[in-house]
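Structure first, then comments.
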Protein chains: 2
Amino acid sequence: MLTERQLLILQVIIDDFILTAQPVGSRSIAKKDAVTFSSATIRNEMADLEEMGYIEKTHSSSGRVPSEKGYRFYVDHLLAPLRLSNKEIMTIREAFDDKMLEFERVVQKSAGILSDLTNYTSIILGPEVFETKLKQLQIVPLNDQSAIAILVTNTGHVEHRAFNVPVEINSSNLEKMVNILNSRLQGVPLVKLHEKLHTEISDLLKTHTDQHEQAFSYLQAALLDDHSTKLYIGGKTNILMQPEFRDLDKVRSLYATIEQENDIADLLRSGEEGINVRIGQENPFDAMQNCSLITASYKLSNNQIGTIALLGPTRMEYNRMFSLMNVLSKHMTETFKGWY
Amino acid sequence: MLTERQLLILQVIIDDFILTAQPVGSRSIAKKDAVTFSSATIRNEMADLEEMGYIEKTHSSSGRVPSEKGYRFYVDHLLAPLRLSNKEIMTIREAFDDKMLEFERVVQKSAGILSDLTNYTSIILGPEVFETKLKQLQIVPLNDQSAIAILVTNTGHVEHRAFNVPVEINSSNLEKMVNILNSRLQGVPLVKLHEKLHTEISDLLKTHTDQHEQAFSYLQAALLDDHSTKLYIGGKTNILMQPEFRDLDKVRSLYATIEQENDIADLLRSGEEGINVRIGQENPFDAMQNCSLITASYKLSNNQIGTIALLGPTRMEYNRMFSLMNVLSKHMTETFKGWY
DNA sequence: TTTAGCACTCACTTTCTTCGAGTGCTAACA
DNA sequence: TGTTAGCACTCGAAGAAAGTGAGTGCTAAA
């Protein structure tokens, strides 16, 4: 168990290191007002803290640097919740002031705010799709050969896809088809669209339209694209600002990792409700060994859960980040409340 | 005027430097098969070429490096059109094989290909919007309070915007409105929508629907967003691969420049039809002083013109780039042919 | 238990050296 | 007259040597 004094010293070391990115020496700790004992005492305590694994030296005569265990302890026990500055609060409030009614917009904007306020990289994961249901299908003919299929979901999400209309299909046939599809598919979850199309609708279409084969396959191609959950990333280039990423190779491999959207999405999904932190090695990817990932969940009205995340070096301003993400996720949840 | 031999030497220097990014010395030039004279002769010729401003030294005893004037001359007079490799040709062809029918898709994909094949950053500018006309409006009610307005243009572009439906407006009113709007606005250029709404439609709506004011302002907000031309950027992180961007500050300022989308769009627009190159100082932005920007135009069926561009260091593989962009812009033009 | 004092360590910086690729110039050669 | 061999010279890059200072651990005294 750590003594009061050790806690204090650990706190000072981590706070200082987060601020300066420089190893912290005993003398500079002794200078703090809150610290009443001498540098020699601090050295002794630091030796103990190091033995317990909370801090490390970069070389034998260097100051101390928090270890991952140290950060973990800091996050779990030492975090003093920080009051956000007025400016920060205002920025967020203003952003949510102009009533946004589309999920994408809200999320885009949130990602932007988050990365701007933090100088880290923000990643936002939309909610799972399986609850999303088809609201309406529309087909807008552009000309003789092509038309646009538009799909609207109950969440207000719009997808569209242009497709070729084979000459054999006339517009009345097309209209019929859309009517049938709408009457039968409204309310069907997107993920089940494919199945449903195959089992039920196929027959129905056959009886009502000529050239069902063609029409069917074209529509299918147009509508069954991928409805996979999207990742919204903001401030990708903020990574370059961090001194721990002076090394271009590291930047490159981190970028490569981030570009594996599916893996990242899985990672974000794997957090529990509320705020989570993954520090260094706790992250599954090699390129993220020097990074921390903070995730927070937000809720949609149907109790589905999405995730916002911040990616930065392990030396992160955890307390400010916690407050920010808390406020932001609350704003998001609030915004989405009663939407569908 | 340059002699044959000087041309050869200049060519070798630039080709070599483009390949290796290292200053080129007289000995390494003398080793080339095409070069039959000694390094001393080459040194004399190089002194002349330097005097004329085509090449430079990085320091008093270094090999030579092409100057911007050198690159300009190279691009204007020495460029041997390169046959693309089969792999490159196949990559492009395959990408365009699966019939894409949406502008965005084609452009996205093109930007992706271009940056992947080149390791530079690709930027694609859509065509001007003033020819784009409204094809159809649709309103899909989501629930009592909100609905989605969908706007389809003759180019197959789809925009949508959710908006609040005030309780006073019932769905039959909404429907009426949409009908009126559609009948009067079809074929109207997007840029004139605003004006038209004000002058003609406003009155019409008044006579046909109650609560016209409300409805009107809501729809307006929903539909008249910004239809500005979008920029599609691919391979932004490729910049990090180039040895001339080892310096993070340069990268940062270049990124900052690229993020000024309007400026970049203007820059792309300013090129003439066909392929253009801007080398170093020929670019208007400070951060692009060490960069070259190659632009090429593609055509839409209505003879509107869009631009694809490649951003890289002045030490660019110009000949390969020219061939690639030629092929790509042709593919794009071909794809768009007869679309609307 | 705390602290002053001191020897020691080691990254960083600066200075100096060495090395070699490359130059320009000169003189001889075809 | 144009070309080339030869040679002294330049200068960056890489490495070695020396100095600096922030930091440590240990010891002994308060």
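The values are calculated or read from the model by the stated rules, or taken from the named source; none is laboratory data. Just so it is clear, the model here is predicted, and its values are computed rather than measured. Here the Cβ is made from the backbone with ideal geometry for all residues, glycine too, and neighbour counts use every protein chain on show. Each accessible area value is taken on the protein alone, full model and side chains, heavy atoms only, with ligands, DNA and RNA left out. Shrake-Rupley method; radii C 1.70, N 1.55, O 1.52, S 1.80 Å.
Here residue B:127 meets the list (1) modelled with pLDDT under 90; (2) of a type outside the set (Ser, Thr, Tyr); (3) surrounded by fewer than 18 Cβ atoms within 10 Å (Cβ to Cβ) almost entirely, failing just condition (3). Of everything in region A:54-77 that is surrounded by fewer than 18 Cβ atoms within 10 Å (Cβ to Cβ) and farther than 18 Å from residue A:291 by Cα, the residue that is farthest from DNA strand C (Cβ to nearest atom) is A:77. State whether one or more residues within region A:287-300 are assigned by TED's automatic domain parsing to the domain that holds residue A:332, open to solvent by 30 Å² or more (accessible area, probe 1.4 Å) and of a type in the set (Ser, Thr, Tyr). Scanning region A:287-300, I find no residue that is assigned by TED's automatic domain parsing to the domain that holds residue A:332, open to solvent by 30 Å² or more (accessible area, probe 1.4 Å) and of a type in the set (Ser, Thr, Tyr), so the answer is no. Of the residues making up region A:129-151, those that are within 18 Å of residue A:229 (Cβ to Cβ) and at the interface with chain B (Cβ under 7 Å from one of its Cβ atoms) number 0. Here the condition is being among the hydrophobic types (A, V, I, L, M, F, W, C), modelled with pLDDT of 95 or more and either more than 16 Å from DNA strand D (Cβ to nearest atom) or under 21 Å from residue B:277 (Cα atoms) (or both); of B:10, B:79, it holds for B:10 alone.
In the set (1) surrounded by fewer than 15 Cβ atoms within 10 Å (Cβ to Cβ); (2) away from every other protein chain (no Cβ under 14 Å); (3) more than 16 Å from DNA strand C (Cβ to nearest atom), the condition left unmet by residue A:99 is number (2). Taking region A:152-179 as the search range and keeping residues that are at the interface with chain B (Cβ under 7 Å from one of its Cβ atoms) and small (Gly, Ala, Ser), which one is farthest from residue B:146 (Cα to Cα)? Ranking the qualifying residues of region A:152-179, first place goes to A:162.
Quick grid of which residues meet (1) charged (D, E, K, R); (2) in the same structural domain as residue A:109 (by TED's automatic domain parsing); (3) at pLDDT 95 or above; (4) open to solvent by 10 Å² or more (accessible area, probe 1.4 Å):
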| position | (1), (2), (3), (4) |
| --- | --- |
| A:240 | no, yes, no, no |
| A:249 | yes, yes, no, yes |
| A:307 | no, yes, yes, yes |
| A:310 | no, yes, yes, no |
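Among the residues making up region A:18-53, those that are more than 9 Å from DNA strand C (Cβ to nearest atom), acidic (Asp, Glu) and more than 37 Å from the chain's Cα centre (by Cα) are A:33, A:48. Could we say that residue A:19 is open to solvent by 90 Å² or more (accessible area, probe 1.4 Å), within 16 Å of DNA strand D (Cβ to nearest atom) and either closer than 26 Å to residue A:291 by Cα or at pLDDT below 95 (or both) here? In short, yes.
Counting the residues of region A:163-205 that are polar (S, T, N, Q), modelled with pLDDT of 80 or more and touching a helix residue (DSSP H, G or I) at 6+ places or on another chain (Cβ under 8 Å) gives 1. Annotation note: of B:91, B:58, B:36, B:132, the sole residue that is in contact (Cβ under 8 Å) with a residue 60 or more places away in the chain and out of contact with any Asp or Glu (no Cβ under 6 Å at 6 or more places or on another chain) is B:132.
Answer with yes or no whether residue A:67 is under 23 Å from residue A:119 (Cα atoms), among the polar types (S, T, N, Q) and either more than 10 Å from DNA strand D (Cβ to nearest atom) or not assigned by TED's automatic domain parsing to the domain that holds residue A:119 (or both). It is true that residue A:67 is under 23 Å from residue A:119 (Cα atoms), among the polar types (S, T, N, Q) and either more than 10 Å from DNA strand D (Cβ to nearest atom) or not assigned by TED's automatic domain parsing to the domain that holds residue A:119 (or both). Among the residues of region B:104-119, is there at least one that is open to solvent by less than 70 Å² (accessible area, probe 1.4 Å), within 11 Å of chain A (Cβ to nearest Cβ) and in contact (Cβ under 8 Å) with a residue 12 or more places away in the chain? Yes, that holds for at least one residue.
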